[in-house]
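My structure is below; once you've seen it, I'll send some questions.
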Amino acid sequence: MVEQIINDSLGNVVTLNYDADTDIMTVKNTGVDDNFHVVSRNNSVELVDSVIVIEGTDGADSWEAYSDEDTRGQIRLFWETNKVDKELPVVGE
């Protein structure tokens, strides 16, 4: 298990986890709730600028509001660096 903890500029703690055995990445943001949510490749035309989407967020506005821009960039980088099969899981099709 790979873990990264980020303190964003909004005062939230964002925890990223990657499980190499299952090739699943999850994220928890204390500003949202206390649950880990699966991070998936995005295929939604509504979110054309976002490579990934977090389960439980609803559209572009939710992704933009999920955290600050730097933290969202770190989430994307963590996904790009660790996720092996970037095709699965897929949401927004």
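What single numbered condition from (1) touching a residue at least 24 places away in the same chain (Cβ under 8 Å); (2) surrounded by fewer than 16 Cβ atoms within 10 Å (Cβ to Cβ); (3) under 12 Å from Trp79 (Cα atoms) fails to hold for Gln4?
(2)
Right, next: Only residues that are surrounded by fewer than 16 Cβ atoms within 10 Å (Cβ to Cβ) and either under 10 Å from the mean Cα position of the chain (by Cα) or more than 15 Å from Lys86 (Cα to Cα) (or both): list them for segment 9-20, please. Don't jump to the end; show me each part of the working.
Within segment 9-20, the subset surrounded by fewer than 16 Cβ atoms within 10 Å (Cβ to Cβ) is 9-11, 13, 15, 19-20.
Passing the criteria: Ser9, Leu10, Gly11, Val13, Thr15.
Readers should treat all values here as calculations from the given coordinates under stated rules, not as data from a laboratory. Owing to the predicted nature of the structure, the values given are computational and were not obtained by experimental measurement. Here Cβ is always computed from backbone atoms with ideal geometry, including for glycine, and neighbour counts include all displayed protein chains.
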